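Note sheet for the following structure.
The values are calculated or read from the model by the stated rules, or taken from the named source; none is laboratory data. On a predicted model such as this, the values are computed, not experimentally measured, just so you know. Here Cβ is always computed from backbone atoms with ideal geometry, including for glycine, and neighbour counts include all displayed protein chains. When the accessible area is computed, the model is the full protein with side chains, heavy atoms only, and any ligands, DNA or RNA have been set aside. Shrake-Rupley method; radii C 1.70, N 1.55, O 1.52, S 1.80 Å.
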Amino acid sequence: MRSSFSNRATSQLLVAGILALPLALSAQTASPSQESDWRQANDAVGALKRGHADVLKWEQAHPGASATAPVSTTGVAIPNAEAAVRMAWTVHRELARPLSKLGSKNVQLIAEGRLTELDPSLQRRVEDAGEVLEVAAAGRKAWIEAVAAQQVLKHQRDMLEAAQAAHELGQRMVTVGNWSKLQLSPVQLAASSARMNLRRAQQVASQAQSHLVKTMGQTGLQAAFSLPDQLTAIPAKPMAEADLQKRADAIRNQLPVAESLRNRALSKGAMNAYMAAHALALDSQGDVLKSREFITEETVLHYNGMLKSVWDLLDEVRNQSQATVDAIGAQRDFWIAEADLQWVLQGGEPDSFVSLGGAGEVASAAAH
């Protein structure tokens, strides 16, 4: 899996190369001079023989070329989930006492999200330990959602760039009489859809940042946090189901009867969500995304050799970008499911479990 699921270089190739094409865009119906212009433009794009490496160099030489370049986020940095958990704790001064009683080792395990390594009797022995765990889970999940939303937003911008390039190309073809307005309509709709998806992604990212700010107790003090570019990669294998079941049995032995029964239902739901989320994330980041990346790279090579049309290339850029967005959503869902499961296996009671529908929003009702 490639770092940050980036296909931005391919999008910039399209913006830099395709939009440089002259008005005569159809070699089949063009005049000799227009055909020469077409071939010159096509040769310019094809000259990027090292693909992404050359495009990245072009980006560095033209930092202002993209009209939709993401604006850098300023603010206090939360570099990882552990930092988010510790910051969330500081908001709740009443947790200072249970945190001190838990001891540095247990506090470190909780901050790192390694709740399955805690003593099952911890909550029974340390008063208000449950509140410590609840705040930790809330901080961790808010951070995960904000990072993923920011990551998706970047790729929605990439999709808009490709759609705008296609629309500009289509408009020029209509201008010179090589296309009808009917032929332009699907391309226009694709650009409109990309703009709508970007606006949705902007709203989701804004809401996620607002929720994170609120969770960290910084409302009115901090507009947004500076976050990493991407979430941590998912593990190659999920936690063993037998170990999870053993852990679930151990925690239920520490709970009152009514809570034990409720925890049994919650544990089953959390484990199912965790296993399903891991399988989906593995598939979306494995076979699906790798296949899309391969198809895109081959399409670029075929385009450079004039064996594929510009429309094939634009379509494939959009397809890969969508696969990337889906992979980010699946990765986010896994980490939220993992946080919920670990909390449940320490006696926690999430209000809901993550939805695996692919839309990226939160959640179906938890078992009751």
- request: Pull up the range 217-270, narrow it to residues that are assigned to a loop (DSSP other than H, G, I, E, B) and of a type in the set (S, T, N, Q), then point me to the one that is modelled with the lowest pLDDT.
  value: Gln222
- prompt: Out of the range 279-294, which residues are in contact with a helix residue (DSSP H, G or I) (Cβ under 6 Å, 6 or more places away or on another chain), open to solvent by 10 Å² or more (accessible area, probe 1.4 Å) and either over 30 Å from Asp315 (Cα atoms) or modelled with pLDDT of 90 or more (or both)?
  reply: Leu280
message: Could you go through the range 142-149 and let me know if any residue there is open to solvent by less than 50 Å² (accessible area, probe 1.4 Å) and not in a helix (DSSP H, G or I).
response: no
- request: Search the range 66-84 for residues being in a loop (DSSP other than H, G, I, E, B) and modelled with pLDDT of 95 or more, and hand back the single one that is least open to solvent (accessible area, probe 1.4 Å).
  value: Ile78
query: Do you know which residues across the range 171-190 are part of a helix (DSSP H, G or I) and open to solvent by 30 Å² or more (accessible area, probe 1.4 Å)?
result: Gln171, Arg172, Val174, Thr175, Lys181, Leu182, Gln183, Ser185, Pro186, Gln188, Leu189, Ala190
- prompt: Looking at Ala258, is it open to solvent by 50 Å² or more (accessible area, probe 1.4 Å), more than 30 Å from Arg93 (Cβ to Cβ) and under 21 Å from the mean Cα position of the chain (by Cα)?
  reply: no
field: Selection within the range 295-329 - within 30 Å of Val344 (Cα to Cα) and open to solvent by 60 Å² or more (accessible area, probe 1.4 Å)
entry: Asp326
The listed residue being surrounded by fewer than 20 Cβ atoms within 10 Å (Cβ to Cβ) and touching a residue at least 24 places away in the same chain (Cβ under 8 Å), out of Glu161, Glu168: Glu168
- prompt: Ser193: without any contact (Cβ under 8 Å) to a residue 12 or more places away in the chain, assigned to a helix (DSSP H, G or I), on the phi < 0 side of the Ramachandran plot and surrounded by 14 or more Cβ atoms within 10 Å (Cβ to Cβ), yes or no?
  reply: no
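Residue-by-condition table, conditions (1) in contact with a helix residue (DSSP H, G or I) (Cβ under 6 Å, 6 or more places away or on another chain); (2) closer than 21 Å to Leu153 by Cβ:
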| site | (1), (2) |
| --- | --- |
| Glu297 | no, no |
| Val300 | no, no |
| Asn304 | yes, no |
| Gly329 | no, yes |
| Arg332 | yes, yes |
| Ala337 | yes, no |
- prompt: Condition test on Ala242, is it at negative phi and open to solvent by less than 50 Å² (accessible area, probe 1.4 Å)?
  reply: no
task: Among the residues of the range 196-229, write down those that are in contact with a Gly (Cβ under 6 Å, 6 or more places away or on another chain), open to solvent by less than 30 Å² (accessible area, probe 1.4 Å) and small (Gly, Ala, Ser).
output: Ala224
message: Considering only the range 118-127, I want to know if a residue exists there that is hydroxyl-bearing (Ser, Thr, Tyr) and open to solvent by less than 50 Å² (accessible area, probe 1.4 Å).
response: yes
